[in-house]
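Asker: The structure is given below, and queries will be raised subsequently.
The values are calculated or read from the model by the stated rules, or taken from the named source; none is laboratory data. What you see is a predicted model, and the numbers here were worked out from it, not measured in a lab. Cβ coordinates were reconstructed from backbone atoms using ideal geometry, including for glycine residues, and neighbour counts include every protein chain displayed. Surface accessibility is based on the protein's heavy atoms, side chains included, excluding ligands, DNA and RNA. Shrake-Rupley method; radii C 1.70, N 1.55, O 1.52, S 1.80 Å.
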Amino acid sequence: MLYRQKFDTFIRIYDDIGYICSKKDYGDRVVDQSGAVFLSALSRRAQSIEELTGTIAAKFVNVDKDALQHDVVEFYAMLEEDGFVISGETEAALDAKDKRFSYSDIEPKTIKKDFTPPVKRSDVSTQTYLDEHFKGKPHLTSLQIELTSRCNERCVHCYIPHENKLTDIEDALFYDVLEQCKALGLLNLTLSGGEPMLHRHFIDYLRKAQEYDFSINVLSNLTLLNDDIVKELKANRLSSVQVSLYSMKPEVHDAITMVKGSFYKTRDAILKLIDNDIPLQISCPTMKQNKTDFVDVINWANEHKVRAITDYIIMARYDHSTENLDNRLSLNEVEDVMNDIVNNDEDYKHSLSEADFTTLSTRDDSEDIVCGICVSSICMVANGAVYPCPGWQDCILGTLKEQSLQQIWEKSPKVQQLRNIRKKDFPQCRQCEDRLFCAMCMVRNANENAEGDPLKINTHFCKVAALNKRIAIEWKTKIEQNK
Ligand SMILES: C[S@@+](CC[C@H](N)C(=O)[O-])C[C@H]1O[C@@H](n2cnc3c(N)ncnc32)[C@H](O)[C@@H]1O
Ligand code: SF4
Ligand code: SF4
């Protein structure tokens, strides 16, 4: 029998734990001890069970090979049942079973949106497990690279000041960073901008990143999509393209991007990617201009079986100029948007109906990290500066023109400082009754604070959290009364 990891899965070993994820089904698993050793033997190359057992046996002392093979077969059968691995008698049989992402295979999100694995293997979510693990042993798993700060749009809300949209990454720097990422065992590589497709070597970069076996995400407005890019995206083991679409009304979308004709270019490019079975996610930040339009975007996305996400808290620019916040929704407008979400978004309704607020609110989260910045993720811009999170570009942690990524990750004092921030470092949040409903975020605090202090809570979040709580509880109470 031959075994191989599936086309859309990725495997990483972090110290003593193994991690496998499927970018097609959004499932993932963490295994430890012998499971991590069994996982580490698998690859994209088909291997017989004898070859795999031989590789694994070399890592144990005095092991009974028959008993080991039995355990290995059982372990791979479990991974196959969960959709990560395939087995077959021949390579052709493996190819036939290894179905790639296709829009014709997925049900519309409005009908089914449940990505829980068919068999539940653990009570703790993978993310919770990894957060806990990385808190003690930080490991760089995700890097976002801004290939260029240049952009062909001038979005009214953009966190990058328009006058700073000037620089392309140099080839030598990009290829050197990829090499370093491989050595560090990076999993997720996001290529963003500015507009990444403006970089004249975008296709070469994509191809190289694929050779390193990273799970690649591209963030783009897609207005520059052409046949060569589509061809490369299709050939690439791409996890997702995230595209920004602000309205289904051309004049509203174009008023946000400030570029006439941009709506049709973006919409047509989305349809082209769907035709080519390239996995997509639509991002629709909501602001004054499109406050009544995002439901149309979500419905259009659902009809085309594409995930769509919205965001009603626009952040300030990274140079702390806050003019872009003139477009941010007022609290009354946020309330309308929240009501629309709670009545239309299947994901959100599902998570609300499942949530047990009483148990969650009594949990002591004081030692939890706020998010993964500097614990598992980091970003870099075209000039080599490294910073914690998209949008926090004035918080420079080091520069790759002078130091290696590993040196910055392990030695930068600012990285250490941010890595050690815990929820308890926000004392006013400890007793807050709205904290379960709060999307407080350090970059958003920092950009809106004149001194750039990530710990100075922006009260806009508190007001939004209180609203969010009221609307969620009202919805849940109504549903439970009607049961
Ligand atoms: C900075 S853009 C880069 C990729 C590409 N140019 C695009 O627009 O999709 C990435 C995402 O950030 C969002 N974004 C930009 N400025 C923002 C802000 N101030 N607050 C929240 N999201 C913002 C954009 O709408 C887009 O969805
Ligand atoms: S949001 Fe994206 S497309 Fe719009 S100006 Fe910013 S970088 Fe350009
Ligand atoms: S609502 Fe304000 S005080 Fe409460 S958790 Fe959020 S940021 Fe902290």
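Asker: Looking only at residues that are of a type in the set (V, I, T) and open to solvent by less than 30 Å² (accessible area, probe 1.4 Å) in segment 324-373, which one is nearest to the chain's Cα centre (by Cα)? Step through it out loud before you land on a result.
Answerer: Of the residues in segment 324-373, the ones of a type in the set (V, I, T) are 334, 337, 341-342, 358-359, 362, 369-370, 373.
With open to solvent by less than 30 Å² (accessible area, probe 1.4 Å) added as a condition, the list becomes 334, 337, 341-342, 369, 373.
Values: V334: 24, V337: 23, I341: 21, V342: 23, I369: 17, I373: 13 Å.
Applying the filter and picking the extreme gives I373.
Asker: A follow-up question, please. Does E163 count as within 16 Å of ligand 2 (Cβ to nearest atom), of a type in the set (D, E) and either at pLDDT below 95 or not in a loop (DSSP other than H, G, I, E, B) (or both)?
Answerer: Values: within 16 Å of ligand 2 (Cβ to nearest atom): yes; of a type in the set (D, E): yes; either at pLDDT below 95 or not in a loop (DSSP other than H, G, I, E, B) (or both): yes.
Yes.
Asker: Follow-up question, since we're still on this one. Taking I278 as the residue in question, decide whether it is of a type in the set (A, V, I, L, M), open to solvent by less than 10 Å² (accessible area, probe 1.4 Å) and under 17 Å from E195 (Cβ atoms). Let's see the steps before the verdict.
Answerer: On the way: of a type in the set (A, V, I, L, M): yes; open to solvent by less than 10 Å² (accessible area, probe 1.4 Å): yes; under 17 Å from E195 (Cβ atoms): no.
Spelling it out, it is not the case that I278 is of a type in the set (A, V, I, L, M), open to solvent by less than 10 Å² (accessible area, probe 1.4 Å) and under 17 Å from E195 (Cβ atoms).
Asker: Return the residues of segment 379-408 that are open to solvent by less than 20 Å² (accessible area, probe 1.4 Å), out of contact with any strand residue (DSSP E or B) (no Cβ under 6 Å at 6 or more places or on another chain) and at pLDDT 95 or above; say none if nothing qualifies.
Answerer: Within segment 379-408, W392, L400, L405 qualify.
Asker: Being aliphatic (A, V, I, L, M) and at pLDDT below 95 is the filter; apply it to segment 2-19 and report the residue that is farthest from N217 (Cα to Cα).
Answerer: Among those residues, the one meeting the criterion is I17.
Asker: Further question: Against the definition (within 21 Å of the chain's Cα centre (by Cα), open to solvent by 30 Å² or more (accessible area, probe 1.4 Å), of a type in the set (A, V, I, L, M) and under 27 Å from N343 (Cα atoms)), how does A466 come out, yes or no?
Answerer: no
Asker: Return a yes/no flag: does segment 40-47 have any residue that is charged (D, E, K, R) and over 18 Å from E80 (Cβ atoms).
Answerer: no
Asker: Show me the helices (runs of 4 or more DSSP H) entirely contained within segment 363-453 in which 2 or more residues are within 15 Å of K135 (Cα to Cα) and among the aliphatic types (A, V, I, L, M).
Answerer: Filter on segment 363-453 gives 413-419.
Asker: Keeping to segment 414-453, report how many residues are within 16 Å of ligand 1 (Cβ to nearest atom) and free of Cβ contacts under 8 Å to residues at least 24 places away in the same chain.
Answerer: Final tally of qualifying residues: 1.
Asker: What are the pairs with Cβ atoms under 6 angstrom where one residue, in segment 312-332, is within 15 Å of ligand 2 (Cβ to nearest atom) and the other, located anywhere, is open to solvent by 20 Å² or more (accessible area, probe 1.4 Å) and among the aliphatic types (A, V, I, L, M)? Sequence gap at least six, or different chains.
Answerer: A316/L325; N327/V156
Asker: How many residues are crowded, with 17+ Cβ neighbours inside 10 Å and without any contact (Cβ under 8 Å) to a residue 24 or more places away in the chain if we restrict to segment 209-259?
Answerer: Residues in segment 209-259 being crowded, with 17+ Cβ neighbours inside 10 Å and without any contact (Cβ under 8 Å) to a residue 24 or more places away in the chain: 1 in total.
Asker: Suppose we keep only residues that are surrounded by fewer than 21 Cβ atoms within 10 Å (Cβ to Cβ) and within 20 Å of the chain's Cα centre (by Cα) within segment 142-157. Which one would you say is nearest to ligand 2 (Cβ to nearest atom)?
Answerer: The residue in question is Q144.
Asker: Just checking: which of the helices (runs of 4 or more DSSP H) contained wholly in segment 1-112 hold 1 or more residues that are in contact with a strand residue (DSSP E or B) (Cβ under 8 Å, 6 or more places away or on another chain) and of a type in the set (D, E)? Steps first, answer last, please.
Answerer: Values: elements: 34-41, 49-57, 65-81, 91-97.
Result: 65-81, 91-97.
Asker: Sticking with this structure for a sec: Just checking, how many residues over segment 30-76 are among the hydrophobic types (A, V, I, L, M, F, W, C) and either farther than 25 Å from D213 by Cβ or open to solvent by 50 Å² or more (accessible area, probe 1.4 Å) (or both)? Break it down stepwise before answering.
Answerer: Kept after step one, since they are among the hydrophobic types (A, V, I, L, M, F, W, C), are these residues of segment 30-76: 30-31, 36-39, 41-42, 46, 49, 52, 56-58, 60-61, 63, 67-68, 72-73, 75.
When the remaining residues are screened for being either farther than 25 Å from D213 by Cβ or open to solvent by 50 Å² or more (accessible area, probe 1.4 Å) (or both), the result is 57-58, 60-61, 63, 67-68, 73.
Qualifying residue count for the region: 8.
Asker: Hey, does segment 172-179 have a residue that's of a type outside the set (F, W, Y), in contact with a Phe, Trp or Tyr (Cβ under 9 Å, 6 or more places away or on another chain), away from ligand 2 (no atom under 12 Å from the Cβ) and open to solvent by 20 Å² or more (accessible area, probe 1.4 Å)?
Answerer: So far as segment 172-179 goes, yes, one or more of its residues are of a type outside the set (F, W, Y), in contact with a Phe, Trp or Tyr (Cβ under 9 Å, 6 or more places away or on another chain), away from ligand 2 (no atom under 12 Å from the Cβ) and open to solvent by 20 Å² or more (accessible area, probe 1.4 Å).
Asker: Scanning segment 154-177 for residues that are without any contact (Cβ under 8 Å) to a residue 40 or more places away in the chain and over 30 Å from E211 (Cα atoms), which turns out farthest from ligand 1 (Cβ to nearest atom)?
Answerer: E163
Asker: Which of the residues belonging to segment 212-232 are more than 15 Å from ligand 1 (Cβ to nearest atom), hydrophobic (A, V, I, L, M, F, W, C) and within 14 Å of D8 (Cα to Cα)?
Answerer: Let us first name the residues in segment 212-232 that are more than 15 Å from ligand 1 (Cβ to nearest atom), namely 212-215, 226-228, 230-232.
Checking the rest, the ones that are also hydrophobic (A, V, I, L, M, F, W, C) come to 214, 230.
Correct list: F214 only.
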